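Here the structure comes first, spelled out in structure tokens, and everything after it is commentary.
The values are calculated or read from the model by the stated rules, or taken from the named source; none is laboratory data. These figures come from a predicted structure and were not determined experimentally. Neighbour counts run over all protein chains shown; Cβ positions are idealised from the backbone, glycine included.
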Amino acid sequence: MFKSLEIVAMKVTWNETVCIHAGKCVAGSPDVFKIEDGKFKIDLAAGDEGQVRNTVAECPSGALQIDED
């Protein structure tokens, strides 16, 4: 018997003009959301889906969004 598995890619976007720089993302998931060389970086491979979803949900300004196209 064969089973099929559908993997939906998750994309997180950051809107710099909406961000209030509260730092909840960096504190909540420091391996995923980081500041490197003065620039905000998102490395989804460094965290699990649940962790990323929780951190995005905690963004006080809504600058972080999950796009699941």
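Side notes on the structure shown:
- If the condition is being polar (S, T, N, Q) and part of a helix (DSSP H, G or I), then segment 47-67 contributes Q51, N54, T55.
Per-residue answers, yes or no, for (1) modelled with pLDDT under 95; (2) not charged (D, E, K, R):
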| site | (1), (2) |
| --- | --- |
| T17 | no, yes |
| G23 | no, yes |
| V26 | no, yes |
| F33 | no, yes |
| A45 | yes, yes |
| D48 | yes, no |
| Q51 | yes, yes |
| N54 | no, yes |
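- Among the residues of segment 11-34, those that are aliphatic (A, V, I, L, M) and over 9 Å from the mean Cα position of the chain (by Cα) comprise V18, I20, A22, V26, A27.
- Residues of segment 35-69 that turn out to be basic (K, R), closer than 21 Å to A9 by Cβ and over 10 Å from the mean Cα position of the chain (by Cα), as a count: 0
- Segment 8-37, residues that are without any contact (Cβ under 8 Å) to a residue 40 or more places away in the chain and part of a strand (DSSP E or B): F33, K34, I35, E36
- Any hit, segment 38-46, residues being in contact (Cβ under 8 Å) with a residue 24 or more places away in the chain and in a loop (DSSP other than H, G, I, E, B): no
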